[in-house]
Ligand code: NAD
C-alpha cells in the first residue's frame, strides 16, 4: 500500500485500570461538573453497576435494556432522561446497554461515560443501532461516541468463559475485517494487528481461568483496539454478513461473529496477501488462517450457524440480502455462487474453503 491516506481519529478519553472503575468514574463525573446522572445497566448488570457507581450521586438507575435496542425501549429511555432533567449518561454493561445509552444521546445530545463489561467494543465507536419491526438499522453520529471510557478488567471476570470466548472473537473479527474494510488505512491496520496480538494472548488465559486478571486485561485492551480500528475502517465483508444474519434471523451477535470469521478470512486471504501477512504475524503463525484456527481450537470456539438459530432454507434469501451489501473494497470478488458456498459451510461448520 502506498502511504497516501485520509484518517480521522475520534476524540475520547480512556481510563484503563483493574479495580479502579468506581474511583475513575467518580473523578470523571466530578471533572465534567455538577448535574443529574442517569445510570443505565440491565438487571443482570445491576450488581456491577451498584458497585461502580457507589461514589457518585445517581438521579436515575435505569434497567429496561434489551438486545439490539428496540425503538420502543429507546423512546422510553429518552423520555425518562428528559423527565428527570438528566445531564449525564453513565452506561455500565455490554453492547446492548451501551447501545441504549447511545440511543438516548442521539436525540438528547447528552454526554456518555461508558463502563464496558464485555468485549463488544461499542463504547469506542460513533455507530448507533436501533431495531424497529424486526429490522435493525445502524448509522453514524458523533453525538453517540462516549466522551470517556472506563475499562476495569475486574468487571469482566463474571462473564462466563463461553460468552467471553464468543465476545472476544467478535472483537477479533473487528480486527480482521479492518484489514480490508472500505476505509482501511495504515493506522487502523496497525491498531488491528496489535488487537489480534493481545486477544490471541489474552483469550486462552481467560478460557482457562475466567478470573485470571492478566488474561482479562489483555482481552479488554485488545477489544478496545479492535473497536477503534473498526470505527475508523468501517464494516467489511464479515460485518455485512453478520449484520444481515443477526438482523434478519435474530442470531446471537457475538456467537455469529465468532462462527463466521474463519470462513471470511479463508475466503479473502489469498486475494489480500499484505493483510494475510500482517494477520499471520500478529498471531505469530506462518499463515493467517492457521493462526486463527489454532486459537479457535484452543478456545473451543463456536463452529456452526445451525447451532445458533439459522435455518437451512433461509440461506438463499440471506445470500441475496448480503450480496447487495458487500463493499466494493473487498479484496476478492463476491458472487452469488461463492457466497452461497461460504454461508453453507458456516451453516454446517465444515472446514472453510480457501
Ligand atoms: P450484550 O450486551 O447483550 O450482553 C450479553 C449478556 O451478557 C447480557 O445478558 C448481559 O447482561 C451479560 N453481561 C454483560 N456483562 C457481563 C458481565 N461482566 N458478567 C456477566 N454477564 C454480563 O451483548 P454484547 O455482545 O456485549 O453486545 C452486543 C450488542 O452490541 C449488539 O446489539 C451489537 O449490535 C452491539 N454492538 C454495537 C457496536 C457499535 O459500534 N454500535 C459494536 C459492537 C457491538
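Computed from the coordinates by the stated procedures, all read-outs in this text should not be read as laboratory data. Owing to the predicted nature of the structure, the values given are computational and were not obtained by experimental measurement. When we count neighbours, we look across all protein chains shown, and the Cβ atoms used for this are built from the backbone with ideal geometry, even at glycine.
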Difference of contour (0.36 nm per residue) and Cα-Cα distance, residue 300 to residue 277: 5.8 nm
How long are the semi-axes of the ellipsoid equivalent to the stretch 13-156, from square roots of 5 times the Cα gyration tensor eigenvalues, in whole Å, largest first? 22, 16, 14
Three principal axis extents, largest first, for the C-alpha atoms of the stretch 161-348, in Å? 44, 34, 28
Would you please put 165-176, 9-20, 289-300 in order of how densely packed they are, using the mean number of other Cβ atoms within 10 angstrom per residue and starting with the highest? 165-176, 289-300, 9-20
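Taking Rh as the Kirkwood radius, which is the inverse of the mean 1/r over Cα pairs, what is the Rg/Rh value for the stretch 1-68?
Working: Rg = 16.8 Å, Rh = 14.6 Å.
That ratio is 1.15, to two decimals.
What is the antiparallel percent of DSSP beta bridges lying wholly in the stretch 13-156, to the nearest 5? If you can, show how the numbers build up before the last one.
Numbers: 6 of 25 bridges.
If we restrict to bridges inside the stretch 13-156, about 25 percent are antiparallel.
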Going out from 0 in 10 Å bins, what whole percent of all Cα-Cα distances in the stretch 1-40 drops into each bin? 20, 36, 21, 13, 10
With all distinct Cα pairs included, what does the Kirkwood hydrodynamic radius of the stretch 193-298 come out to in Å, to one decimal, could you say? 14.6 Å
Could you give the nm distance between label points at residue 72 and residue 286, where each point is 7 Å from its Cα heading toward the beta carbon? 5.6 nm
Between the helical axis of 161-178 and the dominant principal axis of the chain, each derived from Cα atoms, what acute angle in degrees is found, rounded to the nearest 10? 70 degrees
Cα-based Rg and Dmax for the chain, in Å, come out at 19.5, 59
At residue 337 and residue 82, where each label point lies 7 Å from the Cα along Cα→Cβ, what is the point-to-point distance in nanometres? 5.5 nm
Taking Cα pairs closer than 8 Å and at least 6 residues apart, the relative contact order of the chain in percent is 14 percent
Compute the acute angle (0 to 90°) between the alpha-carbon long axis of helix 186-208 and the principal axis of greatest extent of the alpha-carbon atoms of the chain; round to the nearest 10°. 80 degrees
In degrees between 0 and 90, to the nearest 10, how far off the longest principal axis of the chain does helix 213-233 point, with axes built from Cα atoms? 80 degrees
Express in whole angstrom the spacing between the alpha-carbon centres of the stretch 249-268 and the stretch 92-131. 22 Å
How long is the gain from residue 211 to residue 64 if the chain were fully straight, where each residue apart is worth 0.36 nm and the alpha carbon distance is subtracted? 50.1 nm
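Quick check on the chain: of the DSSP beta bridges with both residues there, what percent are antiparallel, nearest 5%?
Numbers: 6 of 25 bridges.
Taking every DSSP beta bridge within the chain, about 25 percent pair in antiparallel fashion.
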Mind ranking 188-199, 81-92 by how tightly packed they are, going by the mean number of other C-beta atoms within 10 angstrom, highest first? 188-199, 81-92
Subtract the Cα-Cα distance of residue 329 and residue 7 from 0.36 nm times their separation in residues, and report this length gain in nm to one decimal. 114.3 nm
What is the Cα radius of gyration of the stretch 141-266 over 2.2 N^0.38 Å, N being its residue count? 1.03
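Work out the FRET efficiency for residue 147 and residue 351 from their Cβ-Cβ distance, taking R0 = 56 Å, and round it to the nearest 0.05. It would help to have the intermediate numbers written out before the result.
On the way: r = 45 Å, r/R0 = 0.81.
The formula returns an efficiency of 0.80 here.
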